[in-house]
Amino acid sequence: MDAVDVLIVGAGFAGLRALHTFRGMGKRTVVLEASAGIGGVWYHNAYPGARCDVESYDYSYSFSPELEQEWRWSERYATQPEILRYIEHVADRFDLRRDIRLETRMSSAVFDEATDRWTVTASTGQRWTAQHLVLCLGQLSSTKAPAFPGQDQFAGRIIHSGEWPRDKVGFAGERVAIIGTGSSGMQMTPVIAREAAHLTVFQRTPNYSVPAANAPLTEAEDRAVKAHYPERRAAARNSPTGLGFKVNRVSALDVPAEERETAYEAAWDRYGFGFALVYHDILLSKDANDTAADFIRRKIAAKIEKPALREKLVPKDHAFAARRPSVDSGYFEAFNRNNVELADVREAPIVEFTATGIRTLAKAHAFDTIIFATGFDAFTGSLLKPEIVGRGGITLKRKWAAGPVSQLGVAVAGFPNMHIVAGPGSPSLLSNVMVSIEEQIDWFARLVRTMDERGIGAVEAEAEAERAWVEHVNERARETLYMTADSYYNGAEVAGKPRVFMPYSGGVRGYRRILERCEADGYPGFRLVARDGRAAVRPTAA
Ligand code: N01
């Protein structure tokens, strides 16, 4: 059994950053990765059209000015292959691979109260002990696929967007089905439509989308960004979303309709997600939201030639951005093609899969390939897959049976020295997750340094603090429209999942201040236990 200081689970963006940081502190560090390659979601979501919906310059590491200057992004929104190349480059440039164990899935982690260390067992049978367990498991890494009657009978291929095969999948001459119209379904639709003989998109809930306005990055743009990268990073960190957009303090309801229209028009086809920030209350007030939603509906409708399709594709049943909207490149326009068909499963539900395709209440469709773009068991799915056993034999599954609870989204009472990156209770998927993971990892690193300096063997969230944080997360969510729609933000994506709001909606800047205050005040809400005696110690406030 190998002994390390820090054991990291997951070799995506977060895991690699954690490895670089902890190893840089002189810690013996190992990363376990279940897959055959590094990259996390960017390894698995290799479907046609997959690309980031955060601008490339912002969806990248900020820890190395040299890396920032060297790497040349080719497009405003990078494609999946380019992002994976970036991740591979980072792994090589910082010599990370030697401490990553691929095809090594953590099956269990058990905390030993006598030694304050975790014993981690992998699918390969290998075992490690570690003082710190850093969970970089991803928020959208546990795929979710419906089980339709007759699914096994289907003679063609079934592929999930989040488990895309490593070999190139071709669709030339094929009849293809896509089930699901979230970001994955919306991104792949126009690309597969161009290749396949026929494409049928099965839609349950029409989704809002704003245009990506993707474009190649010119040399001049690249030089301009690189000349001011620190300022750009600071703007991202100090914006609510981590995307660098300033919030307009004005209410959508306080300006005349024509002025509002002009403002929406200026942001449309330009700012991607930034569209949601044109007015500060778009996500806070239903009336304000209606103004933005109405604008988007008109824009979407104008792209769709057939009136009957327009009626079906335009989102109506939820507020804009209450569920995650998409940032698309030609999704709605794809339905103007002769080879693309919409199957509305609310109108005609899927009855069963057959040997040749899918039978709905309306008709039998024949397919060669069926793609599940049906999403993920978000936030908690991958954290609850392994058996994680804390003090007194309590499992994380049992502790979170009624929904995830944590202190500041980073630690769980009963699970000392377990550090969760971008998990529930933190801004996570409501932010540019790159900003969130780097800030959390740096915070963990400073916490570990403090522990070393003060002879502290274990740090653990206090149950009372955890209750207060969960209440605060809910309080902030109640100020928004997020709970007005069923979504993976609130556990509605999986039947039987606890219906609680998962991410922290107080923004990355506000969240960072809370973490920094906690650190400056000597970690209130955490119990720090000395390595030798068993006495709790409290580092003095900075
Ligand atoms: O998954 P989703 P996704 N029958 O959960 C439908 C990130 N991401 O993979 O809405 C029929 O959003 C479901 O219908 P409904 C991003 O954070 C980022 O698309 O539940 N349909 C929905 O339409 C994103 O939000 C990028 O009614 C069924 C779809 O499947 C997140 O990943 C790109 C069904 C699932 O949508 C997840 O996106 C891609 C059923 N039984 C993804 N079950 C970037 O650009 C589910 N659906 C970076």
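The table below lists the values:
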| read-out | value |
| --- | --- |
| 10 Å beta-carbon shell around Gly455, net charge (K/R +1, D/E -1) | -1 |
| Estimated vicinal HN-Hα couplings, Hz - the stretch 91-100 in sequence order (Karplus 6.51, -1.76, 1.60; Gly, Pro = x) | 4, 6, 4, 9, 6, 7, 4, 4, 10, 10 |
| Normalised contact order of the stretch 217-308, rounded percent, pairs of Cα under 8 Å and 6 or more residues apart | 21 percent |
| Under-5 Å amide H pairs with Ile178, H placed in peptide plane, nonlocal only | Thr200, Val201, Phe202, Ile371 |
| Karplus-derived 3J(HN,Hα), 6.51/-1.76/1.60, for each residue of the stretch 404-419, Hz, glycine and proline x | x, 10, 7, 8, 6, x, 10, 9, 10, 4, x, 10, x, 6, 10, 10 |
| Relative contact order, percent, the chain [alpha-carbon distance under 8 Å, six or more residues apart] | 18 percent |
| Cut-off under 5 Å, modelled amide H: who pairs with Thr241 long-range | Val508 |
| Globularity ratio of the chain, using Cα Rg and 2.2 N^0.38 Å | 0.98 |
| Residue order, fewest to most surrounding Cβ atoms within 10 angstrom, among Asp377, Asp167 | Asp167, Asp377 |
| In the stretch 231-263, trypsin sites (Lys or Arg not before Pro) in a DSSP loop with at most 14 other beta-carbon atoms within 10 Å | Lys246, Arg249 |
| Unit Cα scatterers, Debye sum, the stretch 304-418: log10 I(q)/I(0) for q = 0.10 Å⁻¹ | -0.58 |
| P(r), alpha carbons of the stretch 67-135 - 10 Å bins starting at zero, rounded % | 16, 32, 25, 20, 7, 0 |
| Ellipticity estimate at 222 nm from DSSP helix runs (n ≥ 4, -39,500 (n - 2.57)) divided over the chain, nearest 500 | -9000 deg cm²/dmol |
| Trypsin sites (Lys or Arg not before Pro) within the stretch 86-145, DSSP loop, no more than 12 other Cβ atoms inside 10 Å | none |
| For the stretch 3-31 and the stretch 143-174, distance of Cα centres in Å | 34 Å |
| Built amide H within the under 5 Å cut-off of Glu352, gap 5+ | Arg359 |
| Local electrostatic count, Cys52, Cβ distance below 10 Å [Lys/Arg +1, Asp/Glu -1] | -3 |
| Mean Cβ count within 10 Å, highest first, over the residues of peptides 12-25, 481-494 | 12-25, 481-494 |
| Residue-wise HN-Hα coupling along the stretch 224-234, computed from phi with Karplus coefficients 6.51, -1.76, 1.60 (Hz; x: Gly, Pro) | 5, 5, 5, 6, 10, 4, x, 5, 5, 5, 5 |
| Ordering of 518-524, 79-85 by packing [mean C-beta count within 10 Å, highest first] | 79-85, 518-524 |
| Net +/- balance of residues flanking Ile158 in space, Cβ distance below 12 Å, scoring K and R +1, D and E -1 | -2 |
| Packing-based exposure ordering (other Cβ within 10 Å, fewest first) of Met188, Met434 | Met434, Met188 |
| Neighbour-count ranking [beta-carbon atoms within 10 angstrom, fewest first] of Ser431, Ser62, Ser74, Ser56 | Ser74, Ser62, Ser56, Ser431 |
| For the chain, share of DSSP beta bridges that run antiparallel, in % to the nearest 5 | 40 percent |
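Readers should treat all values here as calculations from the given coordinates under stated rules, not as data from a laboratory. Treat the numbers as computed from the prediction; the structure is a model and nothing was measured. When we count neighbours, we look across all protein chains shown, and the Cβ atoms used for this are built from the backbone with ideal geometry, even at glycine.
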